[in-house]
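Working notes, beginning with the structure itself.
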Amino acid sequence: MTNRSYKVRFYKTEVYEGKRGTTYTVRWSVDGRRHGETFKKSALAESFRATLLVAANNGEPFDLDTGRPASHAAPSTEITWYDFALQYVDMKWSRISANNRISTAKALTKATLALLRAEPVQYEGVDIRKALREYAFNKNRREEAPSEYRAILSWIRRNSLPMSVWEDTKHVDAVLHALDTVLDGTPAAASSATRYRRILNVALRHAVRQNVLRVNPMPKGKEDNTAPKTSSAVDKRSLLNPHQVAALLLWIAARPRTGHRLTVFFATLYYAGLRPEEAVALRVEDAILPATGWGELRVHTAEPEVGSHWTDDGEVHETRDLKGRASGDTRTVPLHPELVASLRDLIARDQLKPGDLLFSGEKGGLLAGSVYRRIWAKARKAVLPEHEFKSPVGKRVYDLRHTCLTTWLNNGIPPAQVAEWAGNSVPVLLSTYARCIAGQIAELQQRIEGPQALPGPRLPSSIGPTRAAVSSTRGARAR
C-alpha cells in the first residue's frame with residue numbers, strides 16, 4: 001500500500017507526573033511522521049514499545065496514518081472511508097426512500113470531501129461534488145458516470161483516508177464542520193445539518209456492527225455542543241387567514257386551462273390538511289362526495305416528487321405509503337361541505353371517471369411540484385400587499401396544511417383527533433403547532449378563576465409581614 005513505510009524510528013518513553021497520576025507515552029515516527037500512545041502503567045508502555053520494536057526488526061511496514069505495523073492493522077485501516085461509503089450506499093439503497101437516498105448522497109459527499117489526504121485542486125469543485133453526489137453515491141447511475149467524472153472518482157479513491165481516522169477527533173471535527181456549513185463557510189440550515197448528522201451517525205453505527213470501527217465516534221448528548229439548534233414548531237407568521245386564502249384561490253381560478261383544477265387542489269390542502277404529495281395521488285374513488293353536507297377522503301398513497309435518477313422505476317414521482325404509517329395503511333379525513341361541492345364540480349367539468357387522478361397535470365400525468373409551486377408564488381405576488389408578500393405568510397404551499405391543522409386545534413378539535421386526520425402522532429402535532437394555538441385564553445382563564453380563588457376576605461396587597469413589622473419584632477427581641 002502507498003501509505004506504508006519501512007522508515008521507523010523510536011524515541012525514549014516520556015514520563016509525565018501530574019496531579020491525577022503518572023503517565024507513560026511511547027514515542028516513534030514513521031517516515032518522519034510522529035506518533036504516540038499513552039499508558040497509565042510503565043509495564044504496559046514497555047510491552048507496547050517492545051511489540052513495535054519486534055515488528056520493525058521483522059521487516060514489517062508501518063502505516064503512515066496510524067503508525068502501527070501491518071500485523072496490527074485493524075479492519076478500519078484496510079478500507080478507506082470512500083470505499084466504505086460506497087458499500088454503505090449499496091446496502092441501504094433498497095431499504096430507503098428516494099428522498100432519503102438524495103439526503104444520504106449529500107451527507108456522504110460532504111464527509112468524503114473532508115476525509116481526503118490532499119485538496120483536489122486540479123478539478124473544479126462543482127464537478128467533484130457532482131461526481132460524488134450524482135454518480136458515486138447513486139447506485140442506479142454509478143456505472144453511467146462519464147469519463148471526466150470517472151477520473152475524479154478514481155483520484156478520490158486513491159486519496160481517501162482510511163476508516164481509522166475516525167479515531168482522531170481532529171478528523172471527526174472536520175467532518176462535523178463540513179456537515180454544518182455551506183460552500184462559502186456560512187452555517188447551513190439547522191434542519192439540513194441535523195439531517196446530515198443523523199445520516200452519518202447511522203452510517204458509523206453500521207461500521208461498528210461490521211467491526212470496521214470499535215466505537216461510534218460521533219459526539220453524543222452534552223458532548224455535542226456544536227450541534228445546530230433546531231425547532232420543529234411552525235412559524236405563526238406563515239399562517240394565512242380566510243380572506244387571504246379566498247383572494248389567492250380566486251386569482252388562481254382565473255388562470256387559463258388548469259386554473260380551475262389547481263384552485264381545488266389548493267383548497268384541498270386548506271380544508272383537509274393534506275400534504276401536497278398526498279393530494280397529487282388522490283383519485284376519484286378516494287373521495288366520498290354526498291350531494292350536500294360533509295364528505296370524506298380516504299388517503300392511502302403519497303407521490304413525492306424526487307427526480308427520475310433516484311427512483312427504482314425511473315419515474316419523477318415515487319409511489320409510497322403514507323408517512324409514518326404501516327404499509328398499506330389508510331386514514332380518513334373529513335371534507336368540508338364547500339370542498340365537497342368544489343370536488344363535485346371539478347369531476348363534472350373534467351368528466352373524470354373512477355380511477356382517474358383528481359388533480360392531474362396539464363398533459364394527464366401526475367401534477368408536478370414545479371407547476372403548483374410556480375402558480376402559488378405568482379398568486380402571492382399578485383394578490384398580497386408588498387409587506388405581506390415579503391413576509392413568511394403563505395410562503396410555501398405547505399403552509400395551507402399548517403393553516404388547516406391550526407384552525408382545527410384552535411376551534412376545540414381534540415389533538416388526538418387532529419393527529420389522526422393529519423397523519424401525525426400527538427407528540428409531533430403538539431410540538432409542531434403549540435405556538436400557533438390561540439383564541440382559547442379567555443375561556444381557559446374562566447375555567448381556573450374560580451378553583452384558584454382563596455376563601456375568606458381578600459388578601460392584602462402584601463401577603464408577608466411589612467418591613468416595619470419585621471423591624472419592630474427584631475427590636476422587641478433585642479429588649
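Taken together, the values in this text are just the output of simple stated rules run on the coordinates, not laboratory data. For clarity, every value in this text was computed on a predicted model and none was experimentally measured. Here Cβ is always computed from backbone atoms with ideal geometry, including for glycine, and neighbour counts include all displayed protein chains.
Table for the structure above
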item	result
Angle between the chain longest axis and helix 259-272 axis [Cα atoms, degrees, rounded to 10]	80 degrees
Neighbour-count ranking [beta-carbon atoms within 10 angstrom, fewest first] of TYR398, TYR88, TYR6	TYR6, TYR398, TYR88
Scattering profile of segment 263-332 at q = 0.13, 0.17 Å⁻¹ [log10 I(q)/I(0), Debye over alpha-carbon scatterers]	-0.42, -0.68
Spin-label pair PHE389/THR25, simplified geometry with 7 Å Cα→Cβ offset, distance in nm	6.4 nm
Contact order normalised by residue count of the chain, Cα under 8 Å, 6+ apart, percent	11 percent
Relative contact order of segment 1-40, defined on C-alpha pairs under 8 angstrom at six or more residues apart (%)	36 percent
In nm, spacing of pseudo-spin labels at THR13 and GLN351 (7 Å Cα→C-beta vector)	9.2 nm
In segment 238-419, lysine pairs with alpha-carbon atoms under 28 angstrom apart (chain gap of 8 or more, or interchain)	11
Rounded D (µm²/s) - segment 238-419, Kirkwood Rh over Cα pairs, Stokes-Einstein at 20 °C, 1.002 mPa s	126 µm²/s
Rule-of-thumb Rg ratio for the chain [Cα; 2.2 N^0.38 Å; N residues]	1.38
Potential lengthening between SER5 and ARG344 on full extension [0.36 nm per residue; Cα-Cα distance subtracted]	114.3 nm
Förster radius 41 Å - calculated FRET efficiency between LYS170 and GLU285, Cβ distance, rounded to 0.05	0.10
Extended-chain gain in nm, criterion 0.36 nm per residue less alpha-carbon gap, ALA246 and GLU362	39.4 nm
Chain lengthening between LEU183 and ARG95 when straightened (0.36 nm per residue, less Cα-Cα)	28.7 nm
Of the GluC sites (Glu not before Pro) in segment 84-147, those whose Cβ has at most 15 other Cβ within 10 Å and which sit in DSSP loop	GLU124
Calculated FRET value between SER147 and HIS309, using beta carbons and R₀ = 25 Å, to 0.05	0.85
